[in-house]
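These notes concern the structure reproduced below.
What follows draws every value from the coordinates through simple rules; no lab data is involved. Computed from a predicted model, the values in this text were never measured in an experiment. Virtual Cβ from ideal backbone geometry, glycine too; neighbours counted across all protein chains shown.
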Amino acid sequence: MSERKVTFTREQIAAYAEASGDRNPIHLDDDFARSVGLPGLIAHGMLQMGIAATVAAEAAGGPDRLRRVFVRFAGMVVPGDTVTFRAEPAGEGKLELSAVNQKGESVLTKAIAESQP
Amino acid sequence: MAAVAGRTYPAVKFEIEPGAVAAFADAIGADPADGIPPTFAAVYSLGVTVPQLFGDDEAAVDFAKLLHAEQEFEWHRHPRVGETVISTGRVASDTSRRGMRFVNFETDTTDANSAPLCRSRALFVIRS
């Protein structure tokens, strides 16, 4: 099993916005995020998926071995949240992924990865 | 709202530059020495094509009401740093129920010889 605990920060979310090119203001601007009904700026779902896939790659023996990754974005992640990402073997070439916040809520569900056998 | 199922957008070329890969790896906490993080596909596949959907007036996707609900990447082969890849996005389905619109946006990415690299499938839910 591979595991990583990440406490999200505004800096990391801003760095992901730059690196990914996804500069949607809901990830960068608290006031804008509130104006569309969010509690404040939120992390990119794709940042969560990026970390989950990194943990999956570790469990699979390297990023090149990953053949498929699927996630459902089930919960918001805000700065200060601590999320535990895990990848656990679930049969030949399959990994079950999870991402659970400090309140015990899953922020990614149905998350799986498949790797080269 | 207009349903635009089946719509395909023009192919987009993208060069995978080492600096962009390293910045992406840093941002997700991956070791840049491990090469291209798998979800860099968010940039070279989904990222280069999804602006075509969002910028399509006929598709009329309201960005402010948009939720990225699911994402899948499938790889035949992971690209290499320095490689130029070509991505084509299409609306695989576009349906509405109970006041919500569900758009499946698929992107096929190939190498310069048209050999498949990656398929991205994004599900967007748009509140009305």
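Residue ranges B:3-9, B:74-80 sort as B:74-80, B:3-9 when ordered by packing (mean number of other C-beta atoms within 10 Å per residue, highest first).
Taking the Cα centre of each part, how many Å lie between the range A:19-51 and the range A:76-109? The distance from the Cα centre of the range A:19-51 to that of the range A:76-109 comes to 19 Å. Counting only DSSP H runs of at least 4 residues, each contributing -39500 (n - 2.57), and dividing by the residue count of chain A, the helix-based mean residue ellipticity at 222 nm comes to -8500 deg cm²/dmol.
Percent of Cα pairs in the protein assembly as shown per distance bin of 10 Å, from zero to the largest separation: 8, 32, 38, 20, 2. Taking B:Ser87, B:Ser45, B:Ser96 as the candidate residues, the one with maximal mean-square fluctuation in a Gaussian network model of chain B, Cα springs under 10 Å, is B:Ser96.
Relative to the longest principal axis of the Cα atoms of chain A, the long axis of helix A:45-60 lies at roughly 20 degrees. Of the residues A:Phe73, A:Phe85, A:Phe32, the one that moves most in a GNM of chain A with alpha-carbon contacts below 10 Å is A:Phe32. Taking chain A as a Gaussian network of alpha-carbon nodes connected by springs under 10 Å, the highest mean-square fluctuation of the residues A:Ala43, A:Ala99, A:Ala17 belongs to A:Ala17. When shorter helices are ignored and each DSSP H run of at least 4 residues is given -39500 (n - 2.57), the per-residue value for chain B at 222 nm works out to -4000 deg cm²/dmol.
In degrees, nearest 10, range 0 to 90: what is the angle between the Cα axis of helix A:10-20 and the longest Cα principal axis of chain A? Approximately 70 degrees, to the nearest 10. Amide H contacts of A:Ala74 (H built 1.01 Å from N, in plane; Pro and chain starts excluded): A:Leu108, A:Thr109 sit under 5 Å, all sequence-distant by 5 or more or on other chains. Using the alpha carbons alone, the radius of gyration of the range B:12-127 stands to its Kirkwood radius in an Rg to Rh ratio of 1.01. Between 0 and 90 degrees, the angle of helix B:18-28 with respect to the longest Cα principal axis of chain B falls at about 60 degrees.
Other residues lying with their Cβ under 12 Å from the Cβ of A:Lys94 contribute a combined charge of -2, Lys and Arg counting +1, Asp and Glu -1.
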